[in-house]
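Report on the following structure.
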Amino acid sequence: MTVSLRPTYLEVDLPQLKKNIEAIRAHVAPAKVMPMVKANAYGHGIDGVAPYLEPVVDYFGVALLEEGIHLRELGITKPILVAGGTLPSQVPHFAVYDLTLTGSSVELLDAAEEVSRLTGKRIKTHLKFDTGMERVGIHEYEAGEFIEYSLRLKHIHVEGIYTHLANSEMPDLVHARLQLERFQEVLSIYERRSEPHPPLRHMANSGAILQFPESYFDMVRPGIMLYGVYPREAARTIEVAPALTWKSRVAYSKRTQPGRPVSYGSLWQSEVETRIVTIPCGYADGYFRRMTNRAQVIINGRKYPQVGRICMDQFMVNVGNDEATVGDEVVLLGEANGERITAEDLAAWMGTNEYEVLTDISARVPRVFLKE
Ligand SMILES: *Cc1c(COP(=O)(O)O)cnc(C)c1O
C-alpha cells in the first residue's frame, strides 16, 4: 500500500484521540460533545478518524457541505453540522444527505423551508447568532425578528441555536463574557417564544472548554484540543495529548565540502566538511518553505538542523560528523527516543499558529491509522 511507496507519512494514534474526547467529555458532562473534524480532521485524515470516533461522539462538526457529504459517504450516521458559510443554492444537498444547516440568514431559512416542503424531508437547522465575531450570523440585537421568522416556518426543524467565540483562549475573558451575555439575551428571547421545544444550545470551542465552563450549555465543539494541542494561551485544565507523528526516511546521504552551498538561492553553507542528508518531503507536503534554516528534525533519536532552502519535494539536514544512511528514520513532528518536536515548534519556525501547521499537511502525505 501507499506507505511502502512513499517513505513520508503521518502516523495517527486513534486511541489517543479517543482518550482526548473522553477527557473532554468527563470535564463537560452532561453537555454533549461535537468534535470538529473539518479540514481533514485538522490534517489527521478524516477517513480514519471519523469512523473510529463515531461511537464516542454525539455530533460531528465540519465547515463545508462537501465535508459533510464525505462523512456520509464514509458511512457516518451520527448527525453532522455544517458550520461554515453556505450559499442558499447549496441547501438541497442538506436534505439529500441529512446534514444540519447553519441557519445564519433569512435567505438560508427560506431555502431550507422550500426544500423541506418540496422533499418532505425536514432539514435540521441550527440558528446562528453573531455575538462578537462579525462573521456569519444574525446580530444579537436583531435576534427577536429572526427568531419570530424561524418560528413561522413549518417545514424545517430548528434543532439548535449557537454562536462562536472570538477570544476564548485569552487569559482575559472580558470579550468572551460579553459574548456570553449577548448569547443569553438571544436564548431568553427564544425561550419566551418557544417553551415546548428548547433547542440544542452551543457555544464553546477549545479555549472555552478549557477555561470558560459557563459557556458549555447543551453541547461543546472541541477542535484543536481534541487533537491534543492546546490553544496557545489557554489554561490547561484538561489533559490531552497529541496523536500525530510525521515520519520520513533519509533518502540520500553524503559528505559536503566547505564552500559548497546547499539548495536554491545558496542560503547556507558549512564552514567545515559535514554530512548532509536529504529528506523526501517538502513545501508541497506542508513542510513550509518559510522554515528554511530554522526547522529541526529528529534522526536516529537526535535533533539536527534543517539547512538550505526547503524545496517543493525535498529538504536537507546537517548531521555534522554523525552517521546517517539511506533508510534511517526521520521524525518531523512528534517524539522519538525522548526527543520531541511539537506543533508549537513548527508554528514558531513557520511564524504561524498550530492550527495552520496541522491543516496544511497536504493530502499528498499518506495517513497511517494506528488502532491500538
Ligand atoms: C473550528 C470550529 C470550532 C473549533 O475551534 P477550536 O479552537 O479548534 O476548538 C468550534 N466551532 C466552530 C463553529 C468552528 O468552526
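Are there GluC sites (Glu not before Pro) in region 121-169 that DSSP marks as loop and that have at most 10 other Cβ atoms within 10 Å, and which are they?
Details: sites: E134, E140, E142, E145, E148, E159, E169; in loops: E134, E169.
The qualifying sites are E134.
Model label sites at V368 and A235, defined 7 Å from Cα along the beta-carbon direction, differ in position by 4.1 nm. Here the chain has an Rg and Dmax of 23.7, 78 Å, counting Cα atoms alone. Computed per residue of the chain from DSSP H runs no shorter than four, each worth -39500 (n - 2.57), the mean residue ellipticity at 222 nm is -8500 deg cm²/dmol. When only the Cβ of Lys, Arg, Asp and Glu is charged (+1, +1, -1, -1), the dipole of region 244-370 relative to its Cα centre reaches about 340 debye. Loop-located trypsin sites (Lys or Arg not before Pro) in region 98-201 (DSSP state not H, G, I, E or B) with no more than 13 neighbouring Cβ atoms inside 10 Å: R135, K154.
Here the Karplus curve 6.51 cos²θ - 1.76 cosθ + 1.60, taken at θ = phi - 60°, turns the phi angles of region 19-34 into couplings of 4, 4, 5, 5, 5, 5, 4, 4, 6, 9, 3, x, 4, 7, 10, 10 Hz, with x standing for Gly and Pro. For Y252, the residues whose amide H sits under 5 Å from its own are T278, ignoring neighbours fewer than 5 places away on the same chain, with H placed 1.01 Å from N. The angle separating the long axis of helix 106-119 from the principal Cα axis of greatest extent in the chain is about 80 degrees. Against the chain, whose longest principal axis comes from its Cα atoms, helix 174-193 is set at around 30 degrees. Reported to the nearest whole Å, the Cα centre-to-centre distance from region 52-101 to region 316-364 is 33. About its Cα centre, the dipole of the chain is roughly 820 debye, where the only charges are +1 on Lys and Arg Cβ and -1 on Asp and Glu Cβ.
Taking 0.36 nm per residue of sequence separation and removing the Cα-Cα distance, the L87/H175 pair yields an extension gain of 28.7 nm.
What pairs from K32/K303; K303/K371; K18/K128; K19/K254 go past 31 Å between their alpha carbons? Write down the numbers at each step before the final one.
Working: K32/K303 41 Å; K303/K371 28 Å; K18/K128 28 Å; K19/K254 43 Å.
Long pairs (Cα-Cα over 31 Å): K32/K303; K19/K254.
Pull up all non-local amide H partners of K124: gap of 5 or more, or a different chain, and H-to-H distance under 5 Å with H placed in the peptide plane. Those qualifying (amide H under 5 Å, at least 5 residues apart or on another chain) are L101, H157. Close amide-amide hydrogen proximity is noted between D130 and I138, H139, E140, each under 5 Å apart and 5 or more residues distant or on a separate chain (H modeled in the peptide plane; Pro and chain starts excluded). Roughly speaking, what is the centre-to-centre gap between region 299-313 and region 248-270 when only Cα atoms are used, to the nearest Å? Centre-to-centre distance over Cα atoms comes out at 10 Å. Listed values for region 215-224 are Karplus-derived 3J(HN,Hα) couplings in whole Hz (6.51 cos²θ - 1.76 cosθ + 1.60, θ = phi - 60°), namely 9, 5, 6, 8, 7, 10, 10, x, x, 3, and x replaces Gly and Pro.
Reducing region 14-29 and region 161-177 to their Cα centroids gives an inter-centroid distance of 22 Å. Treat each spin label as a single point 7 Å out from the Cα along the C-beta direction, and report the R340 to V272 distance in nm. Result: 3.1 nm between the two label points. Take the Cα of R294, go 7 Å toward its beta carbon, and the backbone nitrogen atoms of region 334-367 under 13 Å from that spot belong to 344-354, 357. 3J(HN,Hα) along region 339-351: 8, 8, 10, 9, 4, 5, 4, 4, 4, 5, 5, 8, x Hz, from the Karplus curve 6.51 cos²θ - 1.76 cosθ + 1.60 with θ = phi - 60°, whole Hz, x for Gly and Pro.
Quick note: the coordinates plus some simple rules give every number you see, no bench work behind them. Predicted model, so just to flag it, every value in this text is computed and none were measured. Note that we place each Cβ from the backbone using ideal geometry, even for glycine, and neighbour counts take in every protein chain shown.
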